[in-house]
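The structure under discussion appears below in the form of structure tokens.
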């Protein structure tokens, strides 16, 4: 009985591996289709308007009081700066986080699903003191808010 069980497990594993191998060889399973698109031009951009144009298709933002950025006034360690962004803007489609004085200002961009709450929380790396900017896309328009953060040690720029 034990031999039958081992044989079944071996056959089951072999069939599964064979099916996956055929699917990969036929091009049905490719990592490129599964992975998200990487906005390399947006991450390489050095100015906010250029970065927003590459990432969101528009370089102009409108300041909004409906975006709240929670970040420390003074970050004792620039390698791990906690940042939380929330918004009450109806129909928020995405939230981008930018540290304007970093060598690569774009930190992250989050695409929100329909009906999702406009909220993201992360830890970012800041090279030196400067503004953390949140950009929210809603209804084809870009809204922004900023908060100054002073970095004392350990940033990505020294």
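I'd like the full set of residues that are part of a strand (DSSP E or B) and either within 13 Å of the chain's Cα centre (by Cα) or closer than 28 Å to residue 151 by Cα (or both), limited to the stretch 76-92.
First pass over the stretch 76-92, keeping only residues part of a strand (DSSP E or B): 81-87, 92.
Once the filter is applied, which keeps residues that are part of a strand (DSSP E or B) and either within 13 Å of the chain's Cα centre (by Cα) or closer than 28 Å to residue 151 by Cα (or both), the stretch 76-92 yields 81, 82, 83, 84, 85, 86, 87.
Hey, can you tell me all the residues within the stretch 107-133 that are in contact (Cβ under 8 Å) with a residue 60 or more places away in the chain and either at positive phi or out of contact with any strand residue (DSSP E or B) (no Cβ under 6 Å at 6 or more places or on another chain) (or both)?
Of the residues in the stretch 107-133, the ones in contact (Cβ under 8 Å) with a residue 60 or more places away in the chain are 109, 132-133.
Once the filter is applied, which keeps residues that are in contact (Cβ under 8 Å) with a residue 60 or more places away in the chain and either at positive phi or out of contact with any strand residue (DSSP E or B) (no Cβ under 6 Å at 6 or more places or on another chain) (or both), the stretch 107-133 yields nothing.
Scan the stretch 1-58 residue by residue and report those that are at pLDDT below 65, out of contact with any helix residue (DSSP H, G or I) (no Cβ under 6 Å at 6 or more places or on another chain) and outside any helix (DSSP H, G or I).
Across the stretch 1-58, the qualifying residues are 1, 26, 27, 28, 30, 35, 36.
Select from the stretch 147-158 the residues that are under 20 Å from residue 85 (Cα atoms) and surrounded by 19 or more Cβ atoms within 10 Å (Cβ to Cβ) and write down the one among them that is modelled with the highest pLDDT.
Just the residues of the stretch 147-158 that are under 20 Å from residue 85 (Cα atoms), to begin with: 147-151.
Imposing the further condition that a residue be surrounded by 19 or more Cβ atoms within 10 Å (Cβ to Cβ) reduces the set to 149, 151.
Numbers: 149: 95, 151: 92.
Restricting to residues being under 20 Å from residue 85 (Cα atoms) and surrounded by 19 or more Cβ atoms within 10 Å (Cβ to Cβ), the top hit is 149.
Quick check, is residue 69 farther than 24 Å from residue 38 by Cβ and either in a strand (DSSP E or B) or under 15 Å from the mean Cα position of the chain (by Cα) (or both)? Steps first, answer last, please.
Numbers: farther than 24 Å from residue 38 by Cβ: yes; either in a strand (DSSP E or B) or under 15 Å from the mean Cα position of the chain (by Cα) (or both): yes.
So residue 69 fits the description; yes.
Which of (1) under 19 Å from residue 58 (Cβ atoms); (2) assigned to a strand (DSSP E or B) is the odd one out, the single condition residue 132 does not satisfy?
Among (1) under 19 Å from residue 58 (Cβ atoms); (2) assigned to a strand (DSSP E or B), the lone unmet condition for residue 132 is (1).
Taking residue 70, is it exposed (fewer than 14 other Cβ atoms within 10 Å of the Cβ), assigned by TED's automatic domain parsing to the domain that holds residue 109, in contact (Cβ under 8 Å) with a residue 12 or more places away in the chain and in contact with a strand residue (DSSP E or B) (Cβ under 6 Å, 6 or more places away or on another chain)? If you could, list the steps in order and put the result at the bottom.
Numbers: exposed (fewer than 14 other Cβ atoms within 10 Å of the Cβ): yes; assigned by TED's automatic domain parsing to the domain that holds residue 109: yes; in contact (Cβ under 8 Å) with a residue 12 or more places away in the chain: yes; in contact with a strand residue (DSSP E or B) (Cβ under 6 Å, 6 or more places away or on another chain): yes.
Considered against the rule, which asks whether it is exposed (fewer than 14 other Cβ atoms within 10 Å of the Cβ), assigned by TED's automatic domain parsing to the domain that holds residue 109, in contact (Cβ under 8 Å) with a residue 12 or more places away in the chain and in contact with a strand residue (DSSP E or B) (Cβ under 6 Å, 6 or more places away or on another chain), residue 70 comes out as yes.
Determine whether residue 104 is in contact (Cβ under 8 Å) with a residue 60 or more places away in the chain and either closer than 18 Å to residue 39 by Cβ or not in a strand (DSSP E or B) (or both). Break it down into steps so the answer makes sense when it comes.
Numbers: in contact (Cβ under 8 Å) with a residue 60 or more places away in the chain: yes; either closer than 18 Å to residue 39 by Cβ or not in a strand (DSSP E or B) (or both): yes.
Yes; evaluated as a whole, the condition is true for this residue.
Quick one: would you say residue 76 is exposed (fewer than 12 other Cβ atoms within 10 Å of the Cβ), assigned by TED's automatic domain parsing to the domain that holds residue 147 and either touching a residue at least 60 places away in the same chain (Cβ under 8 Å) or at positive phi (or both)?
Working: exposed (fewer than 12 other Cβ atoms within 10 Å of the Cβ): no; assigned by TED's automatic domain parsing to the domain that holds residue 147: yes; either touching a residue at least 60 places away in the same chain (Cβ under 8 Å) or at positive phi (or both): yes.
Judged against the criteria, residue 76 is not a match.
Restricting to the stretch 118-139, give me the number of residues that are within 9 Å of residue 91 (Cα to Cα) and out of contact with any helix residue (DSSP H, G or I) (no Cβ under 7 Å at 6 or more places or on another chain). Step through it out loud before you land on a result.
Keep residues of the stretch 118-139 that are within 9 Å of residue 91 (Cα to Cα), which gives 118, 137-139.
If we keep only those that are out of contact with any helix residue (DSSP H, G or I) (no Cβ under 7 Å at 6 or more places or on another chain) as well, we get 118, 138-139.
Within the stretch 118-139, residues that are within 9 Å of residue 91 (Cα to Cα) and out of contact with any helix residue (DSSP H, G or I) (no Cβ under 7 Å at 6 or more places or on another chain) number 3.
The values are calculated or read from the model by the stated rules, or taken from the named source; none is laboratory data. Not measured: the values here are computed from a predicted model. Using ideal geometry, Cβ is built from the backbone for each residue, glycine included, and neighbour counts are taken over all protein chains shown.
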